[in-house]
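Working notes, structure below.
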Amino acid sequence: GSLVIATHNEGKLKEISALLGPYGLKCISAGSLGLPEPPETGTTFVENALIKARAAAEASGLAALADDSGLSVDALGGRPGVYTADWAERQWFEGSPGRDWYMAMGKVEGMLQQLGPDTDRSAAFHCVLALAWPDGEHAVYEGQCPGALTWPPRGEMGFGYDPVFVPSTRDGSETFAEIAPSEKHAISHRADAFAKMVADQFGA
Ligand code: ITT
């Protein structure tokens, strides 16, 4: 069958397409269908993922998969969390010369530096995948990847906050942006949620 990938984030779209590769589904991006981006008014990853999946399923008449994700920093009480994208957007609209993720990363780092050099740098990426069908049926799957923040950013691969995140599930100090996509897919928050979805939906 066909599946609408209800994201307007290129980095996510690439990863979701790669993760779905083995399952022989025809993936259609929300952008290519011209679907609007619904306002993410939820206060949890689950709420926002469902908002996006349901809106895409209703508008397209097809099954839709959405991803709501973000970075939770322990020393910041779990922030930015569901507001991870928002922090970056705000930087962009408030006069950054380009859509520069490093501004948002700098904001996270600036807050940690204010807390002092001995601050615990533990953080975790979260991902909630939501599936929705035009008849209203839906399912959600949650994934996590524990790690720590590092500064300055390192690496060219991946997207978003990858250059400042060192996953703790590998030995070594490489960031997500320094490892191959296949290696990120072995351990990432998105892959964790994906494995649960695949087990439930495809029985694999
Ligand atoms: P859609 O809602 O259209 O899917 P978005 O970018 O607005 O796109 P979110 O609201 O879920 O998506 O925000 C997720 C934020 O977390 C965003 O700033 C991403 O760059 C970041 N993020 C999520 N997964 C990531 C990953 O694997 N690596 C790096 N950054 C990630």
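The values are calculated or read from the model by the stated rules, or taken from the named source; none is laboratory data. In this text, all values refer to a predicted model and were calculated from it rather than measured experimentally. Neighbour counts run over all protein chains shown; Cβ positions are idealised from the backbone, glycine included. Calculation scope for accessible area: heavy atoms of the full protein, side chains included, ligands and nucleic acids excluded. Shrake-Rupley method; radii C 1.70, N 1.55, O 1.52, S 1.80 Å.
Would you confirm whether or not the range 125-145 contains a residue that is open to solvent by less than 50 Å² (accessible area, probe 1.4 Å), charged (D, E, K, R) and under 30 Å from A57 (Cα atoms)? No - not one qualifying residue is present in the range 125-145. Assess whether I187 counts as being surrounded by 15 or more Cβ atoms within 10 Å (Cβ to Cβ) and farther than 19 Å from D67 by Cβ. Spelling it out, it is not the case that I187 is surrounded by 15 or more Cβ atoms within 10 Å (Cβ to Cβ) and farther than 19 Å from D67 by Cβ.
So, G11, is that one modelled with pLDDT under 95 and near the ligand (Cβ under 8 Å from one of its atoms) or not? Criteria met by G11. Applying the set (1) open to solvent by less than 60 Å² (accessible area, probe 1.4 Å); (2) touching a helix residue (DSSP H, G or I) at 6+ places or on another chain (Cβ under 9 Å) to E47 leaves exactly one unmet item: (1). For P153, the criteria (1) under 30 Å from A59 (Cβ atoms); (2) open to solvent by 10 Å² or more (accessible area, probe 1.4 Å) hold in every case but one, which is (1). One residue alone among E137, E156 is more than 10 Å from the ligand (Cβ to nearest atom) and closer than 24 Å to T43 by Cβ, and that residue is E137. Among residues of the range 156-184 being crowded, with 18+ Cβ neighbours inside 10 Å and of a type in the set (S, T, Y), the one that is modelled with the lowest pLDDT is Y161.
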